[in-house]
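Asker: Before anything else, here's the structure in question.
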Amino acid sequence: MQRRVNIWSNIDWLTVTMYLVLVMLGWINIYAAVYNEDHQSIFDLSQRYGKQLIWIGAAIVIAFIVFVIDINFYSYFAYLVYGIMIFLLIAVLIFGLEVHGAKSWFVIGNIRIQPAEFAKIATALALARYLSSYNVQINTFKSYVRIAAIIFTPALLILLQNDTGSALVYFVFLIVLYREGISESILLLGFFVVVLFILALVLEKITIILLSIGVVFIIFGFLNKKLKHVGVGLGILLLSSATLYALNKLLSLGLSYYYIILAALGVSAIFYIIFSIRYKIRNVILLLIFLLGSIFITYSVDYVFNNFLEDHQQKRINVLLGLESDPYGVEYNVNQSKIAIGSGGLTGKGFLRGTQTKFDFVPEQSTDFIFCTIGEEWGFMGTFFVILVFIFFLYRLIGIAERQRSTFSRIYGYGVVSVLFFHIVINIGMTIGLMPVIGIPLPFFSYGGSSLWAFTILLFILLRLDASRLELLR
Amino acid sequence: MDSFANRRHIIRFIIILIGLIYIIRLFILQVVDNTYKVTASSNVLRYVTQFPARGLIYDREGKLLVYNEAAYDLMVVPQQLEPFDTTEFCEILNITKQYVDESIERARDYSYYNSSIFLKQVSSKTYAKLQEKLYKYPGFYVQARTLRKYTSENAAHVLGYVGEVNEGIIEKDDYYKMGDYIGISGIEQSYEEYLRGEKGVNVYLVDVHNRIKGTYANGRLDKKANVGANIISTIDSELQAYGEKLMKNKIGSIVALEPSTGEVLALVSAPTYNPELLVGRIRTKNYVDLMSDTLKPLFNRALMAQYPPGSTFKIINGLIGLQEKVLWPSTKYECAGAYYAGRMRVGCHIHRSPLNLIESIQMSCNTYYCNVFRNILDNKKYPSIRESFDQWREYVMSFGFGKYLGTDFSNELKGLVPTKQTYDRVYGENGWRSLTLVSMAIGQGELGTTPMQMANMTAAIANRGYYYTPHIVKEIEGDYELDESFYTKNYTKIDSNYFNIVIEGMDLAVNGEAGSGSTARSAHLEDITVCGKTGTAENPHGEDHSIFIAFAPKENPQIAIAVYIENGGFGSTWAAPTARLMIEKYMNDSISIPWWEEYILNAEINYNAETRKHLE
């Protein structure tokens, strides 16, 4: 049952205010970043800051339109919008313009639009629509497949455009799934794979296998609560390792320690299985599979890393992990960025006084590295304030999502939170050297119409749904 | 219904946790850590690339061939420029005011904040003068580089040259930046990765007066340059120099290999050029001059010129005949001054008749090989000529013809050995017979081979059945290995015992009694048994090319050589005596009959010295 309420009086003005503050801060910092003495006016339309003002104006109009549209439109047409977006993502692969190696732009007149930015909205809507459908159970195989299809179809198409950064965003919908009750073991498994992947790049194979064995025995101890079993298990492993080690020495087979342990593990596994069946010890086979899986992953990492990632992507990861030094490439960007932010000190150098953040020192100063300008000119005070606003903003959005009466709105709300969260974490993280350099914009700050509009629509659909939340009676 | 509502707390917790981590990180970065403070706005960082010295190149005896000389690039950072006294500046550097304006404009276009090259390759002398005054010119600084220097004017085609990278290379390989150097041909190109070393970078703090105030952050961001690896080439520089001397005033090439290793002892392509011409600021002008030279001195004939092998190829056909059992050492054929079959006539020269296999090589009888070649193709063992031809082609290719040898030169060509499709296209699928192809019996017709391939074939014969892929580098200093393929024997498809028969013929061709009809007596040496075979490549455009292949000594061969002299006529006229001098020089290090040397040195073959004065 529905009733009509005055949506204008139910708008969450606090969020709108924060939105406006962030957008204005962004504009001022773009001005500072590309400040050009020949064009001192912040309203100069030939410069990026002038153009950004136009994008902001347009964004406000768009926000207004989002509000005028009937609330039911968003859930009814979620799939249609999603379908159109997929179509556009395919179209851009064929007709798109290539910028910086990524074929992800449509050109209409002198406006360039990046459909990937808008695909996030469509995906959030479609996911909300699917999960909120009557009789959908999230933890079934069928649902897993469909959810994966909804999330990864656009991600894959964006990957094909060679825009890895924007494609990675889609992993963040895991947060939505988590909130909606996806099994923890799936998330844990995912987490383990990621950790193993990183470890496999940094550590030797033998270290990883020893670590995995340790972890498995600890888990086994926790699950079974019998120290005797753990002791016997370790004993078998040590004994078989020692035997194989001696054999290797005697026959001078010249096997490395890694293979000796691997073989010992194989021998022990036979005993483990026999014992587990005879004495009815639970979890043994599951843990063995887990161990086997992690060995498999460490092996496949090299393959995936070398065959699926491109040179510059490998380089970025290697530089971040400290395995490779590249002072003129990726490291140059990150160093310059850290210097810019670090040189800001506690209070910053002052508005327009930044020396490091003028365009050539830090690349993509007004787009991906806009946070450097904040850091340099406003110092720790500035960065602290911005991060605080972002945290409060996300906190508030979670509150909004939670107070929704319709499941669709709540799920969509978490979609918004997730997407914004991912962009903020990755973008700021890369400027301070905590995340790999992935070219995605800082929401509401970075220069560019597509991204600003996309984030605006993303946010205001939620605010629109929120404004009408009382219409739904239950 | 909503049983997972508690999970919102975990999500909120994660958000706040990451926020806190970032705030702490920023606090450390901005407040605690002083590394990143560049407080005064006028202090700037300068990234100065440390260019490693390029690896040196030595000859096989360890004699230095290529080394480096310091040169200095004057760099400019437009953003740091201040008005300066251009008159004095131009005087020091010997440039015009116009050049200054244009260069600064160009640098400004490239980047306002990053450095660009203002003036390339300033000499050490100018640099010394400039250094004292550099404080007067903020925005300028000097970047040390190295230029290639050569100990002699020889071996240009072997060593290759170094030039500036172009945009295509920069795009493909991000190691290279605008203004960097890269090996463009020869060893410089093939072993670029070893020779170049690894660039480093020093980050300096520079004050308003353009003075370096010290390294930034205690050198934490610096990276040391790694010097390039030295390379020991297989070249015998004395033999190389001698070969180039002999080939002066001629067009053609000499390739000498060590059969037991595949190492290139000498590789001459004439006319050649002085490698110094392609170094430094004079490079561009000289390059254009060399390119427009009608005799194409930049063209590496030893690897890229394809000629028919001529009569030298009779050895190969002889070996194939033996292997296919259509020919025996005792097989004799009559020759009445030409080979006749139907309306076809292949001319021969006057010699006694009939001849057996060994004698046929000694006297280079055309008729004999027309018979052998037709017997190979009309062998009843095969259902049709299409199969026997394929078999013949396999044998030929096993000597390294018609395919890339896989040397460490990037510009080698693969030559030409026709396929049956070639003939199908011309004559139709059943329209060709052994007689159609008969010119290949004596190495003419559709065959194309490079001098390198011919030298390699000679090495395979000298080794009695196998060759090592020819290569120009003996050793890379440091922990580097040469390509595995240079240590692997490539076997021909001919059994090794057949080789001694044809080698007998090659021995007689050079060392037979005077008047016995030996074709290559001009390659005869008193104390060394040279085995050789002459050849003449038909040239539709003028005088035929003179070819000679040889190896020596007969037992335990030390050198295998192929000599090509364009428009030199018969192989015995010019190519054989040239090869003889090369072999003697290499084996004995002295020349026993000086007039032979005079004879070759003074010969000027189809070579207009007047037009080439400007390059000397």
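The values are calculated or read from the model by the stated rules, or taken from the named source; none is laboratory data. Remember, it's a predicted structure, so these values are computed and weren't measured experimentally. So basically every Cβ, Gly included, is an ideal-geometry build from the backbone, and we count neighbours across all protein chains shown. When the accessible area is computed, the model is the full protein with side chains, heavy atoms only, and any ligands, DNA or RNA have been set aside. Shrake-Rupley method; radii C 1.70, N 1.55, O 1.52, S 1.80 Å.
Asker: Give the residue that is modelled with the lowest pLDDT, with candidates limited to residues of the stretch A:317-354 that are over 29 Å from A:TRP27 (Cβ atoms) and touching a Gly at 6+ places or on another chain (Cβ under 9 Å).
Answerer: Here the residue is A:PRO327.
Asker: Is there any pair with a first residue in the stretch A:436-459 that is at positive phi and a second that is assigned to a helix (DSSP H, G or I) and among the small types (Gly, Ala, Ser) whose Cβ atoms are under 6 Å apart and which are 6 or more apart or on different chains, and what are they?
Answerer: A:PHE444/A:GLY26
Asker: Tell me, which residue of the stretch B:404-417 that is touching a Gly at 6+ places or on another chain (Cβ under 8 Å) and assigned to a loop (DSSP other than H, G, I, E, B) is surrounded by the most Cβ atoms within 10 Å (Cβ to Cβ)?
Answerer: Residue satisfying both the conditions and the ranking: B:PHE409.
Asker: Next question, about the same structure. Report yes if some residue within the stretch A:81-88 is in contact with a Pro (Cβ under 6 Å, 6 or more places away or on another chain), at pLDDT 80 or above and open to solvent by 30 Å² or more (accessible area, probe 1.4 Å); otherwise report no.
Answerer: First pass over the stretch A:81-88, keeping only residues in contact with a Pro (Cβ under 6 Å, 6 or more places away or on another chain): A:88.
Filter once more, so that each one left must be at pLDDT 80 or above: A:88.
Checking which are open to solvent by 30 Å² or more (accessible area, probe 1.4 Å) leaves us with A:88.
So far as the stretch A:81-88 goes, yes, one or more of its residues are in contact with a Pro (Cβ under 6 Å, 6 or more places away or on another chain), at pLDDT 80 or above and open to solvent by 30 Å² or more (accessible area, probe 1.4 Å).
Asker: From the list B:ALA5, B:ALA40, B:ALA70, exactly one residue is farther than 21 Å from A:THR383 by Cβ, at pLDDT below 85 and either facing chain A (nearest Cβ under 8 Å) or crowded, with 20+ Cβ neighbours inside 10 Å (or both). Which is it? Steps first, answer last, please.
Answerer: On the way: B:ALA40 fails: either facing chain A (nearest Cβ under 8 Å) or crowded, with 20+ Cβ neighbours inside 10 Å (or both); B:ALA70 fails: either facing chain A (nearest Cβ under 8 Å) or crowded, with 20+ Cβ neighbours inside 10 Å (or both).
Checking each option against the conditions leaves just B:ALA5.
Asker: Conditions first: (1) over 28 Å from A:ILE289 (Cα atoms); (2) assigned by TED's automatic domain parsing to the domain that holds A:LEU288. A:ILE208 passes all but one, so which condition is the exception?
Answerer: Exception for A:ILE208: condition (1).
Asker: Name the residue, out of B:LYS133, B:LYS125, B:LYS129, B:LYS120, that is touching a residue at least 40 places away in the same chain (Cβ under 8 Å), part of a helix (DSSP H, G or I) and on the phi < 0 side of the Ramachandran plot.
Answerer: Numbers: B:LYS125 fails: touching a residue at least 40 places away in the same chain (Cβ under 8 Å); B:LYS129 fails: touching a residue at least 40 places away in the same chain (Cβ under 8 Å); B:LYS120 fails: part of a helix (DSSP H, G or I).
B:LYS133 is the lone residue from the list that is touching a residue at least 40 places away in the same chain (Cβ under 8 Å), part of a helix (DSSP H, G or I) and on the phi < 0 side of the Ramachandran plot.
Asker: In the stretch B:417-463, what count of residues is obtained for those that are under 24 Å from B:THR367 (Cα atoms) and of a type in the set (A, V, I, L, M)?
Answerer: The number of residues fulfilling the criteria is 11.
Asker: If you don't mind, there's one more thing I want to ask. Restricting attention to the stretch B:485-499, does a residue exist that is in the same structural domain as B:TYR586 (by TED's automatic domain parsing), closer than 22 Å to B:GLY569 by Cβ and in contact (Cβ under 8 Å) with a residue 12 or more places away in the chain?
Answerer: No, the stretch B:485-499 has no match at all.
Asker: Would a scan of the stretch B:19-35 turn up a residue that is at pLDDT below 85, at the interface with chain A (Cβ under 7 Å from one of its Cβ atoms) and either surrounded by 17 or more Cβ atoms within 10 Å (Cβ to Cβ) or in a strand (DSSP E or B) (or both)?
Answerer: The answer is no; no qualifying residue exists.
Asker: Go through the stretch A:249-274 residue by residue and tally those that are modelled with pLDDT of 85 or more and open to solvent by less than 70 Å² (accessible area, probe 1.4 Å).
Answerer: Number of matching residues: 12.
Asker: Could you check the stretch B:423-447 and list, in sequence order, the residues that are among the hydrophobic types (A, V, I, L, M, F, W, C), part of a helix (DSSP H, G or I) and over 21 Å from B:ASN379 (Cα atoms)? Break it down stepwise before answering.
Answerer: Residues of the stretch B:423-447 that are among the hydrophobic types (A, V, I, L, M, F, W, C), as a first pass: B:426, B:432, B:435, B:437-438, B:440-442, B:447.
Add one more test, that the residue is part of a helix (DSSP H, G or I), and what stays is B:426, B:435, B:437-438, B:440-442.
The one that is among the hydrophobic types (A, V, I, L, M, F, W, C), part of a helix (DSSP H, G or I) and over 21 Å from B:ASN379 (Cα atoms): B:VAL426.
Asker: Kindly indicate whether any position in the stretch A:187-195 is closer than 20 Å to A:LYS315 by Cα and either more than 14 Å from chain B (Cβ to nearest Cβ) or in contact (Cβ under 8 Å) with a residue 60 or more places away in the chain (or both).
Answerer: Yes, the stretch A:187-195 contains at least one residue that is closer than 20 Å to A:LYS315 by Cα and either more than 14 Å from chain B (Cβ to nearest Cβ) or in contact (Cβ under 8 Å) with a residue 60 or more places away in the chain (or both).
Asker: Moving on to the next point. Need the failing condition index for B:ASN166 against (1) among the polar types (S, T, N, Q); (2) over 30 Å from B:ASN411 (Cβ atoms); (3) surrounded by fewer than 14 Cβ atoms within 10 Å (Cβ to Cβ), just the number.
Answerer: The one condition B:ASN166 does not meet is (2).
Asker: Taking the stretch B:43-66 on its own, how many of its residues are surrounded by fewer than 16 Cβ atoms within 10 Å (Cβ to Cβ) and assigned to a strand (DSSP E or B)?
Answerer: 1
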